Amino acid sequence: MPRKGIPISNDNLTQREVDYTQLQIRKITPYLDKVQQPCQSGGKKPLTNRHRAFAWYYVFNGNIKADAYKRCKYGRYNKEKGEFELKVPEKRRENKNFNINCAVMADNLFKKQYIKECIHLIQENHKANLLQDFHQTYIEQLQIEATYDPSMFIDPTGKPVFKKWEEIPEKYRCCIKEIETKAYGKDADRVITKIVLVDRSKARQELVKYAPHLIPCPDQYEIIHKTIDKQGELVGFNGNFNPQNLSDKELKDLADKIQDAY
């Protein structure tokens, strides 16, 4: 379980992964347990939490090696603040070569084969998670874009009805295609903001194209009326039934069969 203050609500989102502690990273990366690093005796030994964290931070911080090194070396969880922060000793911060030294150490660590293996496994796991949720996320977004209410964003004159992003649910912000603000007047004291919303008709077309099974189309179905008798045999007629093509006897026999089925 994650430590209090650093929730892991969705492993597919990257805005928080970079702030996970080494303990959290170890618990959510069991697939890295098979990776081993060489020891001085010539054998192999388990991967350390710090090395595991370096690979993790590198994947989720935008591939910045020096930052990944600082996080795995000096990263600590502050219980009072409820957040992850860097605790760099004062003497090291005062060293003018501190950042350079971190960059060199990070580069040396990055070149290790077991680190490269860790990075690859983390990246593959992350991609698998993204792909697993992609179809659902994409369809949900298209559905929102195809059915949103314009009054959430603009009034009848086209002016914005919100002043802060917090006023619009996050999942609906995808409906805004563009925001353009222009200043007019001699002193540019007249400001007009124009909001361009996504085209709902295009979103509907894309939704049908991407997930045609979600939208029932009457033209694709043939309505057939069927009656099954007590023996499970088909009795009755289909949509092409025309009584004028049957004789009186055939009509009577058909009516008797249907009556017997009930």
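Of everything in segment 96-153 that is of a type in the set (Ser, Thr, Tyr) and in a helix (DSSP H, G or I), the residue that is farthest from Tyr172 (Cα to Cα) is Tyr114. If the condition is being in contact with a strand residue (DSSP E or B) (Cβ under 6 Å, 6 or more places away or on another chain) and loosely packed, with under 11 Cβ neighbours inside 10 Å, then segment 85-135 contributes only Lys87. Checking each residue in segment 90-136 for being closer than 21 Å to His51 by Cα, in contact (Cβ under 8 Å) with a residue 12 or more places away in the chain and not aliphatic (A, V, I, L, M) picks out Asn99, Cys102, Asp107, Phe110, Lys112, Tyr114, Glu117, Cys118, Gln123, Asn125, His126.
Per-residue answers, yes or no, for (1) under 30 Å from Leu32 (Cβ atoms); (2) not aliphatic (A, V, I, L, M):
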{"position": "Ala128", "(1), (2)": "yes, no"}
{"position": "Leu142", "(1), (2)": "no, no"}
{"position": "Asp155", "(1), (2)": "no, yes"}
{"position": "Val161", "(1), (2)": "no, no"}
{"position": "Glu166", "(1), (2)": "no, yes"}
{"position": "Cys174", "(1), (2)": "no, yes"}
{"position": "Glu180", "(1), (2)": "no, yes"}
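Kindly establish whether Lys163 is touching an Asp or Glu at 6+ places or on another chain (Cβ under 6 Å) and either at negative phi or not in a helix (DSSP H, G or I) (or both). Considered against the rule, which asks whether it is touching an Asp or Glu at 6+ places or on another chain (Cβ under 6 Å) and either at negative phi or not in a helix (DSSP H, G or I) (or both), Lys163 comes out as no. Consider only pairs whose beta carbons are under 8 Å apart and that are at least six residues apart or on different chains; among these, list those whose first residue lies in segment 161-177 and is over 15 Å from Val198 (Cβ atoms) and whose second residue is among the aromatic types (Phe, Trp, Tyr) and surrounded by 11 or more Cβ atoms within 10 Å (Cβ to Cβ). From residues that are over 15 Å from Val198 (Cβ atoms), the pairs are Val161/Phe153; Phe162/Phe153.
Does Pro156 satisfy the criteria of being touching a strand residue (DSSP E or B) at 6+ places or on another chain (Cβ under 9 Å), under 16 Å from Ile195 (Cα atoms) and assigned by TED's automatic domain parsing to the domain that holds Ala203? Considered against the rule, which asks whether it is touching a strand residue (DSSP E or B) at 6+ places or on another chain (Cβ under 9 Å), under 16 Å from Ile195 (Cα atoms) and assigned by TED's automatic domain parsing to the domain that holds Ala203, Pro156 comes out as no. Of all residues in segment 179-199, none are in a helix (DSSP H, G or I) and modelled with pLDDT of 65 or more. Every test in (1) under 29 Å from the mean Cα position of the chain (by Cα); (2) exposed (fewer than 11 other Cβ atoms within 10 Å of the Cβ); (3) assigned by TED's automatic domain parsing to the domain that holds Gln36 is passed by Pro169 save one, and that test is (3).
The values are calculated or read from the model by the stated rules, or taken from the named source; none is laboratory data. Because the structure is a prediction, the values reported are computed rather than measured. We place every Cβ from the backbone using ideal geometry, glycine too, and count neighbours over all the protein chains shown.
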